[in-house]
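Handing you a structure now.
The values are calculated or read from the model by the stated rules, or taken from the named source; none is laboratory data. Keep in mind it's a predicted model, so treat the numbers as computed, not measured. Note that each Cβ is placed from the backbone with ideal geometry, even for glycine, and that neighbours are counted across all protein chains shown.
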Amino acid sequence: MKILDFGCGRKKYPGSIGIDIAANSAADVKRDLNKFPYPFKKNAFDFIWCHHSLEHVNDILKTMEELHRISKPGAIIEVHVPHAIQAGAMAHLDHKRTFKLDTFDIFDPQYSEAQHSNELYSHLKFKVIYKRLSYRNCGYSRTDNFKGRWITNWIIHSIDIMSNKFSYSYERFWGYWVGGSEEVIFRLQVVK
């Protein structure tokens, strides 16, 4: 299986080819991810790992077109990105955008209203096979020995469960009260 770590930074996905612009990254290919096309053949990858990299690109549609081009039919693209209502999501100076649970629905034919909008912007098709808010990626651990940490863990776990069970109302209303989820995780299957 051929794997690409898109925007790998210093910690590359095991067994992958890393691509990143940073000179001090673990990238095998040093490349500005805002310059197209990427230096890979069409249908080259079975899996693409995008861990906190898509929020840094200038043109998300063009980037998704390139990832689609270099992916094999049926390939999986796993995306971890900052959630739109997370308190510090735009605090990083290089973040260009944030994401919500329905961000990639525009590429999935099963979401007909979103797909209608997509026809105005792009021909791409991805099947959204997984999407989840992650409130728990905030540095707390169940193994901490701090007295009373179980209460914090219980609250975080409860928010994590409720944010996904009631995702629309969470993203629209009450998520702001708890600082928002740290990230959104997507698995997209390439449709060609």
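Considering only the stretch 1-77, give the strands (runs of 3 or more DSSP E) lying wholly within it that have at least 3 residues that are of a type in the set (Asp, Glu).
Details: elements: 3-6, 17-20, 45-51.
Because the criterion is at least 3 residues that are of a type in the set (Asp, Glu), no strands (runs of 3 or more DSSP E) in the stretch 1-77 meet it.
Right, something else. Does residue 78 count as more than 13 Å from residue 191 (Cα to Cα), at pLDDT 95 or above and surrounded by fewer than 19 Cβ atoms within 10 Å (Cβ to Cβ)?
So residue 78 passes the test.
Tell me which residues, restricted to the stretch 164-185, are among the polar types (S, T, N, Q), outside any loop (DSSP other than H, G, I, E, B) and surrounded by 15 or more Cβ atoms within 10 Å (Cβ to Cβ).
164, 167
Right, here's the next one. Which number in (1) surrounded by 19 or more Cβ atoms within 10 Å (Cβ to Cβ); (2) of a type in the set (Ser, Thr, Tyr); (3) without any contact (Cβ under 8 Å) to a residue 24 or more places away in the chain marks the one condition that residue 103 misses?
Only one criterion in (1) surrounded by 19 or more Cβ atoms within 10 Å (Cβ to Cβ); (2) of a type in the set (Ser, Thr, Tyr); (3) without any contact (Cβ under 8 Å) to a residue 24 or more places away in the chain is unmet by residue 103, namely (3).
Continuing with the same structure: Does the stretch 169-182 include one or more residues that are in contact with a strand residue (DSSP E or B) (Cβ under 9 Å, 6 or more places away or on another chain), hydrophobic (A, V, I, L, M, F, W, C), modelled with pLDDT of 90 or more and within 30 Å of residue 111 (Cβ to Cβ)?
no
Is there any pair with a first residue in the stretch 56-72 that is within 21 Å of residue 82 (Cβ to Cβ) and a second that is outside any loop (DSSP other than H, G, I, E, B) and polar (S, T, N, Q) whose Cβ atoms are under 7 Å apart and which are 6 or more apart or on different chains, and what are they?
Partner pairs satisfying both residue conditions: 57/63.
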